[in-house]
Amino acid sequence: MNPRQRRGILFLVAAGALAIAVFTAVSSYVSQVESQVGPKTTVYQVAEPVNAYSPLGPSNLEAVEVPRRWAAPTAVTTLRELQGRRVGFQLAAGTIVTSDMLIPSTDLSPTEREIAINVNAVTGVAGRVRPGDRVDIVAVFADVPGLSKQARVLTRDVRIVSVGGQQIVPDDAGLTESVIPVTLALEPKQSLAVTYAAAFAYEVRLVALPGDVGTNRADEVKDFDAGDLGGKAIPEEEE
């Protein structure tokens with residue numbers, strides 16, 4: 001074997017050793033990255049801003065893959081779990097949807113209906129009501145022609161379905177006010193009465209009830225006006 005051949009063999013051996021070293025280094029790096037990142041999972045994020053109470057679905061959600069160890073334990077991993085569901089507050093684009101953001105699915109009876117009304121810190125019992133609580137709904141009528149100015153119990157023992165996040169909305173004077181949407185489970189006739197009051201009454205209030213209020217409330221007062229104070233309840237059209 002001449003010197004040139006020996007040098008060629010040495011170069012081949014060196015190149016092979018270098019290739020093995022590079023392969024070992026790359027494999028070690030990849031293994032280290034995989035140990036830090038781990039397997040990936042699919043989560044869903046909002047593709048565009050979503051307003052409170054808007055339904056979620058393929059039109060406003062997109063699937064993204066993230067390392068499983070970086071995903072929140074409550075991250076939703078299937079579109080079926082999100083289809084038609086709602087959140088009680090606005091979501092910015094890119095927000096990953098988690099199960100604790102979602103409004104609980106309805107558990108209405110066959111005769112119940114859901115409606116939502118806006119309350120504030122006073123009419124909503126200062127934020128003391130929670131989903132599952134029972135309340136009375138009282139309306140104060142002051143500006144409806146032909147109807148005496150009075151406070152009236154519209155319905156009793158109503159179940160709170162959900163309490164939304166605080167929102168800023170315009171009021172009748174063109175200013176803004178802070179409100180909290182509260183969803184109620186009502187019988188159809190009750191839902192009409194509450195809807196009417198929410199549209200025309202001066203004020204609609206929630207009245208929180210004790211846990212053991214019971215069902216025998218026949219002696220409770222249902223309405224109150226000037227006659228109860230010794231005056232005369234005059235309908236608006238007679239003034």
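Where a number appears in this text, it was derived from the coordinates with a stated rule and is not lab data. Just so it is clear, the structure is predicted and the values come from calculations on it, not from any experiment.
Taking the Kirkwood radius as the inverse of the mean 1/r across Cα pairs, report the Rg/Rh of the range 40-101.
0.93
Apply the Karplus parameterisation 6.51 cos²θ - 1.76 cosθ + 1.60, with θ equal to phi minus 60°, to every residue of the range 168-175 and state each ³J(HN,Hα) to the nearest whole Hz, in sequence, with x for glycine and proline.
9, 10, x, 9, 5, 8, x, 8
In whole Hz and in residue order, list the ³J(HN,Hα) couplings for the range 124-141 that follow from phi through the Karplus curve 6.51 cos²θ - 1.76 cosθ + 1.60, θ = phi - 60°; x for Gly and Pro.
Couplings: x, 6, 6, x, 8, 8, 9, x, x, 5, 10, 9, 8, 10, 10, 10, 10, 9 Hz.
Can you pull the Rg over Rh of the chain, Cα-only, Kirkwood?
Looking at the chain, the ratio lands at 1.38.
Under 5 Å between amide hydrogens, which residues at least 5 positions from Thr95 or on another chain qualify, with H placed 1.01 Å from N in the peptide plane?
Val46
Mind running the shape call on the range 69-200? Use the C-alpha gyration tensor, a ≥ b ≥ c as the square roots of the eigenvalues: rounded below 1.5 for a/c, prolate if a/b tops b/c, oblate otherwise.
Judged from the Cα gyration tensor, the range 69-200 comes out prolate (a/c at least 1.5, a/b above b/c).
Can you show me the helix-derived [θ] at 222 nm for the chain, built from DSSP H runs with n ≥ 4 at -39,500 (n - 2.57) apiece and divided by the number of residues, rounded to the nearest 500.
Values: 2 runs with 48 residues, N = 239.
Theoretical 222 nm ellipticity from helices: -7000 deg cm²/dmol.
Output ³J(HN,Hα) for the range 111-117: one whole-Hz value per residue in order, computed from phi by the Karplus curve 6.51 cos²θ - 1.76 cosθ + 1.60 with θ = phi - 60°, and x for Gly and Pro.
9, 8, 10, 9, 9, 10, 10
Using the alpha-carbon atoms, what tilt in degrees (0 to 90, nearest 10) does helix 188-200 show relative to the longest principal axis of the chain?
Helix 188-200 sits roughly 80 degrees off the main axis of the chain.
Which residues' amide hydrogens lie under 5 Å from the amide hydrogen of Asp133, considering only partners 5 or more residues apart or on another chain, with H built in the peptide plane?
Residues meeting the criterion, in which the H sits 1.01 Å from N, are Ile160.
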